[in-house]
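> Structure in structure tokens, see below.
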Amino acid sequence: MVFGNLEGPISARGRNQGSIYSFRADPRAIEGLSYAGFDVLSLANNHIWDWGADALVDTLSILEDGGIATVGAGANYEQANRPAVFEVGVARVAILAYTNLLPENMQAGEEFPGLSDFDLDKIKETINTLSNHGYLVVVSLHWGDEYQTIANDGQQEIARGLIDAGAGLIVGHHPHVVQQLENYGDGWVA
């Protein structure tokens, strides 16, 4: 299974939201992502909203049509917060994705697109439920301080809490550098 973080929308539509760095890939990018073998991509990051709701919705559609699952954003609240589920050999894997780098008003609603809900109590409840149903739970988190090679105290506290809730692997991204790998309890934090 190949997982990654898609740091920006894939679309020919939308309106630049004004970030100093506003990313948007040509829809033909799906060819490269498919060729690379991605099975699932996190959209929970600080650039997925660079070209607004239309570009996000296009991204979801383009990836789905290309056979690539998404986590961390969706056309509505339910889709943005549901796990991607896979069977890998004999393992059942559930992947969730979140970011704490954008304001809550970019979160998906019942009838509008956006990001997953970074509510730690809800996340822990979801992890616990999936874990109790036999899934290896992988949580993708777009967070942390850029160019810092050590995770900050808040990251470590949250990651350990998610492992305590039943996650087996926490995969962090955003700092643009590699941070430490930690074995905590029954899980790993990268």
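> Regarding segment 49-139, what whole-number volume in Å³ per residue does the convex hull of its Cα atoms give?
Details: hull volume 8.7 nm³, N = 91.
Roughly 96 Å³ of hull volume per residue.
> Spelling out what I want: for every residue of segment 173-190, take phi, set θ = phi - 60°, compute 6.51 cos²θ - 1.76 cosθ + 1.60 (Karplus), and round to whole Hz; glycine and proline get x.
Values per residue, Gly and Pro as x: 7, 1, x, 6, 9, 7, 9, 5, 9, 10, 9, 10, x, 9, x, 10, 10, 10 Hz.
> Relative contact order for segment 64-190: what percent, with Cα pairs under 8 Å and sequence separation of 6 or more?
Dividing the mean separation by the residue count of segment 64-190 yields 21 percent.
> Please report the projected area of segment 126-188's Cα convex hull averaged over all directions, in nm². List each step's numbers first, then the result.
Values: hull surface 15.4 nm².
So the mean shadow area of the Cα hull is 3.8 nm².
> Let me ask you something else. When each pair of different Cα atoms in segment 1-53 is counted once in the 1/r mean, what is the Kirkwood radius in angstroms, to one decimal?
11.6
> Could I ask something else about it? What number, rounded to the nearest 500 deg cm²/dmol, is the helix-based mean residue ellipticity at 222 nm of the chain, given -39500 (n - 2.57) per DSSP H run of at least four residues and division by all its residues? Show your work: numbers first, answer last.
On the way: 5 runs with 52 residues, N = 190.
Using -39500 (n - 2.57) per qualifying helix, the result is -8000 deg cm²/dmol.
> Please give the per residue accessible area of segment 38-105, computed with a probe of 1.4 Å over protein heavy atoms only, in Å².
Accessible area per residue, segment 38-105: 40 Å².
> Roughly what percent of Cα-Cα pairs across segment 79-126 reach past 14 Å?
56
> Evaluate the charge dipole of the chain about its Cα centre and quote only its size in Debye, nearest 20, assuming +1 on the Cβ of each Lys and Arg and -1 on the Cβ of each Asp and Glu.
260
> Still on this structure: How big is segment 1-105 by the Kirkwood estimate over distinct Cα pairs, in Å?
That comes to 14.0 Å for segment 1-105.
> Return the equivalent ellipsoid semi-axes of segment 67-190 as a descending list in whole Å, where each equals the square root of 5 times an eigenvalue of the C-alpha gyration tensor.
Sorted largest first and rounded, they come to 21, 20, 13 Å.
> Carbon and sulfur atoms: what percent of the 1.4 Å accessible area of the chain do they account for?
Exposed carbon and sulfur together represent 50 percent of the surface.
> If you don't mind, another one. Could you state the accessible area per residue of segment 119-190 in Å², with a 1.4 Å probe and every protein chain left in place?
Heavy-atom accessible area per residue stands at 54 Å².
> In whole Hz, what ³J(HN,Hα) sequence does segment 82-90 give by Karplus (6.51, -1.76, 1.60; θ = phi - 60°), x for Gly and Pro?
These are the phi-based 3J(HN,Hα) values: 7, x, 8, 10, 9, 10, 10, x, 8 Hz.
The values are calculated or read from the model by the stated rules, or taken from the named source; none is laboratory data. Quick caveat, the model's predicted, so the values are computed rather than measured. Neighbour counts are summed over all protein chains in view; Cβ atoms, including those assigned to glycine, are modelled from backbone coordinates with ideal geometry. Heavy atoms of the whole protein, side chains included, go into the accessibility calculation; ligands, DNA and RNA do not. Shrake-Rupley method; radii C 1.70, N 1.55, O 1.52, S 1.80 Å.
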